[in-house]
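Report on the structure given below.
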Amino acid sequence: MVKKFNNSWSWYDFEDFDLEGLQKIAAEKAQYDLDYWIKKIQETKTNSIVINTFRPGAEWVGGSLVFRQDLLDKDDNHLFHFFVGEDFLITSNLEYSLLGKNDSKYILDEQMENTGNAIEGFSVLLGEVMTSSLIKIDPFEVRLNNLLWKMKEQNSTEILEEIYQCRHELLVLKHLMIPIREIRIALEEAFAERIADKPYYQRICLKIERGFTIVSDYQAEIDTLINLEEVVSSHRGNEIMKTLTVLTTLFTPATVLGAIWGMNFKYMPELEWKYGYLFSFGVIIFSTLLLFGIVKRKGWSGDILRGKKKNSFFK
């Protein structure tokens with residue numbers, strides 16, 4: 001399907017890969033190396049971009065872009081192909097229903113009516129693709145906010161797992177945005193002054209900047225959460241080791257004295273004492289309390305004898 005806008009540029013939009021239709025356009029646009037692009041997109045299954053500036057007046061940017069990626073399933077992704085010259089745009093395999101809005105196609109047509117060339121029209125299309133990624137950030141923001149408070153109220157390994165799941169989802173979103181930024185730079189590299197001052201191009205620049213700013217800010221928040229978890233885990237690990245060390249120290253007298261009186265020497269006068277049993281208990285209790293007093297006085301026991309308080313990271 002071909003549409004003309006302002007009698008200045010055309011948009012060839014193919015729902016599926018149509019080799020015959022693309023070859024027909026290639027014959028009409030002989031000054032562009034469309035055959036190379038057509039061959040390349042048949043072999044491409046992921047993001048790619050080609051810039052051709054060898055022929056003045058016939059510069060173009062072409063490639064493929066993953067415009068939709070499920071945050072949990074790596075195999076659930078969708079790719080479309082594009083070719084941008086100054087006076088025409090070709091797209092293939094673009095599913096508008098997946099852009100996040102039911103009226104995405106209508107919105108695109110309306111905005112493209114106000115564009116002056118195909119480069120600006122493609123900027124409009126990139127804006128919609130970028131918006132589809134930004135839409136996913138809203139529910140992510142809600143999840144992250146809930147996670148901030150869950151971590152304080154009921155911190156556990158499950159919370160740490162959720163933090164890393166959020167981090168992975170954010171990386172997927174960022175991975176979707178990086179090729180869009182690369183395409184934006186490629187457009188400026190290929191068409192220079194013919195695109196730099198166009199309003200829709202400036203808007204996609206700002207939208208990309210907004211997307212990366214949001215992702216960077218949330219990434220910083222998640223990194224802070226992870227660092228906090230590491231500090232809490234390290235502190236609790238030290239508390240456990242401190243507890244085990246103190247308990248081992250306190251039971252040392254009982255262990256040593258038990259080992260001594262458990263020997264089988266023939267001459268052990270303590271075995272004949274009338275109150276030897278009570279005497280051994282007394283020595284064990286006294287030496288244990290003495291060690292506990294020393295540990296307590298030096299402050300080595302710390303907080304290990306206190307119960308964990310609700311809504312606290314360390315107490």
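The values are calculated or read from the model by the stated rules, or taken from the named source; none is laboratory data. Note that the structure is predicted; figures quoted are calculated from it, not measured. Quick reminder, even Gly has a Cβ in these numbers, built from the backbone with ideal geometry, and neighbours come from all protein chains shown.
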Inset, instruction - Report yes if Ala259 is surrounded by 12 or more Cβ atoms within 10 Å (Cβ to Cβ) and more than 51 Å from the chain's Cα centre (by Cα), otherwise no. - result: no
With respect to Tyr200, is the statement that it is out of contact with any Pro (no Cβ under 8 Å at 6 or more places or on another chain) and surrounded by 15 or more Cβ atoms within 10 Å (Cβ to Cβ) true? yes
When restricted to Gly116, Gly121, Gly63, the only residue assigned by TED's automatic domain parsing to the domain that holds Asp33 and closer than 23 Å to Leu19 by Cα is Gly63
Only one of Val246, Val256, Val283, Val231 is hydrophobic (A, V, I, L, M, F, W, C), touching a Pro at 6+ places or on another chain (Cβ under 8 Å) and over 30 Å from Gly121 (Cα atoms), namely Val283
Margin query: On the basis of being out of contact with any strand residue (DSSP E or B) (no Cβ under 7 Å at 6 or more places or on another chain), free of Cβ contacts under 8 Å to residues at least 12 places away in the same chain and within 30 Å of Gly21 (Cα to Cα), does Glu128 make the cut?
Written below: no
Test result for Ser97, among the polar types (S, T, N, Q), crowded, with 19+ Cβ neighbours inside 10 Å and closer than 12 Å to Phe67 by Cα: no
Determine whether Gly62 is among the small types (Gly, Ala, Ser), closer than 30 Å to Ile137 by Cβ and touching a residue at least 24 places away in the same chain (Cβ under 8 Å). yes
Condition check for Leu22: buried (at least 18 other Cβ atoms within 10 Å of the Cβ), farther than 19 Å from Val129 by Cβ and hydrophobic (A, V, I, L, M, F, W, C) | yes
All-but-one check, Ser97 against (1) in contact with a strand residue (DSSP E or B) (Cβ under 7 Å, 6 or more places away or on another chain); (2) closer than 26 Å to Glu169 by Cβ, failing number (1)
*asked:* Yes or no: the stretch 151-160 includes at least one residue that is modelled with pLDDT under 80, under 30 Å from Ala190 (Cα atoms) and among the small types (Gly, Ala, Ser).
replied: no
Just one listed residue, out of Glu162, Glu182, Glu153, is closer than 30 Å to Val50 by Cβ, in contact (Cβ under 8 Å) with a residue 12 or more places away in the chain and surrounded by fewer than 19 Cβ atoms within 10 Å (Cβ to Cβ), and it is Glu182
Residue set Lys150, Lys174, Lys105; condition closer than 30 Å to Val232 by Cβ, more than 19 Å from the chain's Cα centre (by Cα), in a helix (DSSP H, G or I) and among the basic types (Lys, Arg); output residue Lys150
Checked the stretch 18-48 for anything among the acidic types (Asp, Glu) and free of Cβ contacts under 8 Å to residues at least 60 places away in the same chain; matches are Glu20, Glu28, Asp33, Asp35, Glu43
**Prompt:** touching a residue at least 24 places away in the same chain (Cβ under 8 Å) and at negative phi: does that describe Val2?
**Reply:** no
Scanning the stretch 201-256 for residues that are acidic (Asp, Glu) and under 22 Å from the mean Cα position of the chain (by Cα), the one modelled with the highest pLDDT turns out to be Glu209
The condition from (1) exposed (fewer than 12 other Cβ atoms within 10 Å of the Cβ); (2) under 30 Å from Phe292 (Cα atoms); (3) not β-branched (Val, Ile, Thr) that Ala220 misses is numbered (2)
